[in-house]
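What follows is a set of notes on a single structure, which appears directly below.
The values are calculated or read from the model by the stated rules, or taken from the named source; none is laboratory data. Since this is a predicted model, take the numbers as computed values, not measurements. Backbone-built Cβ (ideal geometry, glycine too); neighbour counts: all protein chains shown. Accessible surface areas use protein heavy atoms only, side chains included; no ligands, DNA or RNA. Shrake-Rupley method; radii C 1.70, N 1.55, O 1.52, S 1.80 Å.
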Amino acid sequence: MNDTPDESQKLSGDAPSIPGRLGDALSGSGEGVQTEHHLADLHFFENLDRINRVIQSPSDLDQMMRDILDVLLSVFACDRAWLVFPCDPDAPMWQVPMERTRPEYPGVLPIGVELPLDPVGAAVYRTLRESPGPVQFGPGGVHPVPVEMATVFQVQSFIAMAIYPKVGKPWSYGLHQCSYARIWTPQEVRLFQEIGRRLSDALSSLLSYRDVQESERRLRRYNLRLSVLHDIDRRILVASSQQEIASAVLQHLLHLIPCEWLSIVLYNADMTEEWIIAWEHAPQLDVALGDPQPVVPNQGLEQLQAGVSIIAADLAAQEGPRARLADALVEAGMHGAMANPMIVEERLIGVLALSAKQIGFFTEEHREIAEEIAAQVAIAFRQAELSEQIDRYNRDLERRVKERTAELERANHEMALFSYSVSHDLRAPLRAVQGFAEIIARRHRDSLNDEGRRYFDYIVSASAQMDQLISDLLDYVRLGRHRIDWERIALPEVLSRVADSLTTLIAQTEAHIHLAQAMPEIDADRMLLMRIFTNLLENALVYHRPGVAPRVEVTSALTPDSVIVRVQDNGIGIPVEFREKIFDIFQRLHSPDQFPGTGIGLAVVRRSVELLNGTVWVESVEDGGSAFCIRFPRRAA
Amino acid sequence: MVSEIPRVERPILLVEDNPMDVELTLDALREARLRTAVHVARSGGEALDYLFGRQQYSDRKAYPLPSLVLLDLHLPGIDGYECLRQIKAAPILKRLPVVVFTSSRDDSDVVKSYDRGANSYLVKPASATERLEIARQIHRYWLSLNLGPPLFATDQT
């Protein structure tokens, strides 16, 4: 392996004949050393010039790397030329940003894919970093070719060096010789080193340029992200159901994360079932929308419940039990996957589940976006749920109001039937009692003794009183069914009409009624107003002191939003403890032989006032009478 | 040719199911010196049989058409409204004055009665004085002052 003639033979035999190949210059063809040196220098600069031209030609990073490595392959007649990043023995991962090979020795590492750094690789990088110049591995160098590289990659000899672009971590670049155990000449090492320097400069400028571009791209992506998030916000605002929110969000999210499968999966409250509420998808999966599937409790679920997103480079490579959806995704050829938890009040309500055909599709940036969206959707779902609850509550309330209204109408109807029946069924026998008692008391008065006459008089007056009671009771009951006919009414007009209707009683009692002329108009119902003031004036006339003519004064006072009407008398007054009670139905303070009455009049007054949205109360008057005050709103609501 | 029965000789038809009310009304009419005969029908069905000359009332000489109907509304079976409707729908009866005489002051009853063609609406009073007054008014107004339609009148256009 190490003998030189064999090596040179191989070199001349196997290497492709490329003009300007360094190997030609070094293999010697019997000319003088001077000439050789000259030629070598000539080739050196010629080759460096090729590199310079590649570097100076406008291109992007990938193109430049590819071109330089191609030139290296040709200049050094080696089998592989490669770039590695980062050249850092402590980095967890490494990758091959570019590699060019001769067809016989294909690349064995995927371009641009991060790989975990093993101790062998770390040792190589440490060596490169510690060395000021190129390091040779294999024959002629102090370091052997690592066993794995020799067996797996068929490397017999290689040269590599760390390069230090001004942006980011160090890189390394190197050449593999697989076809024979090559010993790198000092000339070659010098050229390799010089190219390394140029490469470092080129990387510096292109990496800075790429950084700027990357920043710009990031800014653009960030702007897009903001605008899509904004769109999602707006969609959430107008969406009413969880379904609508989910569909809208996924459609927008597709712009930010262009993967093949986007879905929102929900869990039931006890985490036994899951179902897809919405999806955006390229492949048809063997799962149905909304179809409940058993939840598979695995490590991933625990992680999601803890609020942590999961990114899987390859779903198919995942160990442990898989959910039905994950199985279906694998079956459909999906590899990359990401799940982001939707947490509401510390409970996992669902996940935003994404998947892509490409292995390792989902990046940290994707995760950031998806987490933000998942959180947003969780909030929106919570709101939708609350708004559904409110809707449900409102519908329920509406239904209950309808039921109550129907019940009330039924009750009112029954009340109407009742009062109707009372007016007939109670009155018919009463009419007979009263009618025949009157006939006997009058026509057969002479055939009765004193006691008989007295008792028949009692029957007559008791039945008359009962008839009045029934009338008043029916009036009171009818108030409940009265439809209020609001109109603008002048109080003086109503009061004088009431006074007119009481002319007989006024004459009998020799009463004096004074109605204030300047009284305002109010919104009220004429029939109710008439009833209120008829009852109040009647009371004032009836409940007068023996031997004292009733004096009644009706006045009014204005407040900003109400009118207070005051009906004041000089009558017998009402003890303080009865001032509330008198408004209750059948409440009387006197026996019928003291003052006639049924105990319904003031109940009718209060009910009528309340129907007009007013209030009524009693005040005492200095000389012993009473004053009934009514507050009416000036305007009906 | 049917001889015209003088209007005053035509009876009053009192339609009333309550026997005590019947007696009170008859008593009041007597007290008001009403000499007209009063025929009492105890139900709506009986009233219609009388008016249409059916069943036991087929003999018009014995049971001539009345000059006035005093009609209670609340009757068992066929009620006052139905009587009123049939009377006002029949060509030979439609002009017959019908005075509703009931205990109801309910607006709905008043409206329904007039809608079905009642000619007057009186509320049964509780006191004897009022009842006598009503009997006098019926006597004076409906049986004396008011000129009723002739029997077997044909429609005049």
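If you go through segment A:542-588 and keep only what is open to solvent by 20 Å² or more (accessible area, probe 1.4 Å) and part of a helix (DSSP H, G or I), you end up with A:VAL542, A:VAL576, A:GLU577, A:PHE578, A:LYS581. Candidates are the residues of segment B:64-100 that are within 14 Å of chain A (Cβ to nearest Cβ) and open to solvent by 50 Å² or more (accessible area, probe 1.4 Å); the one that is modelled with the lowest pLDDT is B:PRO76. Looking for something assigned to a helix (DSSP H, G or I), assigned by TED's automatic domain parsing to the domain that holds A:HIS335 and under 28 Å from A:GLU365 (Cα atoms) - is there at least one such residue anywhere in segment A:266-284? No: zero hits. Residues in segment A:393-423 that are farther than 22 Å from B:ASP109 by Cβ and within 11 Å of another protein chain (Cβ to nearest Cβ): 0 in all.
Taken across segment A:424-433, residues that are out of contact with any Pro (no Cβ under 8 Å at 6 or more places or on another chain) and more than 30 Å from B:VAL110 (Cα to Cα) do not occur at all. Taken as a whole, the condition of being open to solvent by less than 60 Å² (accessible area, probe 1.4 Å), assigned to a loop (DSSP other than H, G, I, E, B) and farther than 30 Å from A:HIS444 by Cα applies to B:LEU151. Taking first residues from segment A:249-274 that are without any contact (Cβ under 8 Å) to a residue 24 or more places away in the chain and partners that are surrounded by fewer than 22 Cβ atoms within 10 Å (Cβ to Cβ) and of a type in the set (A, V, I, L, M), the Cβ contacts under 6 Å between residues at least 6 apart in sequence or on separate chains come to A:THR272/A:VAL295. Within segment A:152-168, being within 19 Å of A:GLU104 (Cβ to Cβ) and among the aromatic types (Phe, Trp, Tyr) holds for A:PHE153, A:PHE158. Among the residues of segment B:35-63, the ones that are part of a loop (DSSP other than H, G, I, E, B) and either in contact with a Gly (Cβ under 7 Å, 6 or more places away or on another chain) or buried (at least 17 other Cβ atoms within 10 Å of the Cβ) (or both) come to 4 in all. The C-beta contact set for segment A:444-463 (first residue touching a residue at least 12 places away in the same chain (Cβ under 8 Å), second residue open to solvent by 50 Å² or more (accessible area, probe 1.4 Å), distance under 8 angstrom, 6+ apart or interchain) comprises A:ARG453/A:ARG445; A:PHE456/A:ILE440; A:ILE459/A:VAL433; A:SER463/A:VAL433. Restricting attention to segment A:426-440, does a residue exist that is open to solvent by 30 Å² or more (accessible area, probe 1.4 Å) and either more than 14 Å from every other protein chain (Cβ to nearest Cβ) or more than 26 Å from B:ARG131 (Cβ to Cβ) (or both)? Looking through segment A:426-440, none of the residues is open to solvent by 30 Å² or more (accessible area, probe 1.4 Å) and either more than 14 Å from every other protein chain (Cβ to nearest Cβ) or more than 26 Å from B:ARG131 (Cβ to Cβ) (or both). When you check A:ALA353 against the structure, is it in a strand (DSSP E or B) and closer than 16 Å to A:ASN298 by Cβ, yes or no? Answer is yes for this residue.
Of all residues in segment B:101-117, how many are more than 9 Å from chain A (Cβ to nearest Cβ), open to solvent by 90 Å² or more (accessible area, probe 1.4 Å) and more than 15 Å from the chain's Cα centre (by Cα)? Summing the residues that are more than 9 Å from chain A (Cβ to nearest Cβ), open to solvent by 90 Å² or more (accessible area, probe 1.4 Å) and more than 15 Å from the chain's Cα centre (by Cα) in segment B:101-117 gives 2.
For segment A:333-340, the criterion of being open to solvent by 50 Å² or more (accessible area, probe 1.4 Å), at pLDDT 90 or above and assigned by TED's automatic domain parsing to the domain that holds A:PHE381 is met by at least one residue. The combined condition, being free of Cβ contacts under 8 Å to residues at least 40 places away in the same chain, buried (at least 18 other Cβ atoms within 10 Å of the Cβ) and hydrophobic (A, V, I, L, M, F, W, C), is fulfilled by A:VAL124. Taking the conditions (1) over 15 Å from B:PRO97 (Cα atoms); (2) in contact (Cβ under 8 Å) with a residue 60 or more places away in the chain in turn, B:GLY44 satisfies each one other than (2). Would you please name the residue that is farthest from the other protein chains (Cβ to nearest Cβ), looking only at residues in segment A:455-480 that are of a type in the set (Val, Ile, Thr) and closer than 17 Å to A:ASP425 by Cα? Residue satisfying both the conditions and the ranking: A:VAL477.
Just one of the listed residues (A:ALA406, A:ALA380) is farther than 30 Å from A:GLU331 by Cα, open to solvent by less than 70 Å² (accessible area, probe 1.4 Å) and outside the structural domain of A:GLU331 (by TED's automatic domain parsing), namely A:ALA406.
Between A:LEU469, A:LEU495, the distinction of being surrounded by 18 or more Cβ atoms within 10 Å (Cβ to Cβ) and at negative phi belongs to A:LEU495 only. Within segment A:613-637, the residues that satisfy the criterion of being assigned to a loop (DSSP other than H, G, I, E, B) and open to solvent by 60 Å² or more (accessible area, probe 1.4 Å) are A:ASN613, A:GLU622, A:ASP623, A:ARG634, A:ARG635, A:ALA637. Examine segment A:480-489 for a residue that is surrounded by 15 or more Cβ atoms within 10 Å (Cβ to Cβ), in the same structural domain as A:ARG526 (by TED's automatic domain parsing) and not in a loop (DSSP other than H, G, I, E, B), and state whether such a residue exists. Yes, segment A:480-489 has at least one match.
For segment A:487-514, the set of residues classified as hydrophobic (A, V, I, L, M, F, W, C) and farther than 15 Å from A:MET530 by Cβ consists of A:LEU505, A:ILE506, A:ALA507, A:ALA511, A:ILE513, listed by residue number.
Of all residues in segment B:126-142, at least one satisfies being loosely packed, with under 14 Cβ neighbours inside 10 Å and farther than 26 Å from A:ASP467 by Cα.
Inspect segment A:152-172 for any residue being open to solvent by less than 30 Å² (accessible area, probe 1.4 Å), of a type in the set (Ser, Thr, Tyr) and on the phi < 0 side of the Ramachandran plot and give the result as yes or no. So far as segment A:152-172 goes, yes, one or more of its residues are open to solvent by less than 30 Å² (accessible area, probe 1.4 Å), of a type in the set (Ser, Thr, Tyr) and on the phi < 0 side of the Ramachandran plot.
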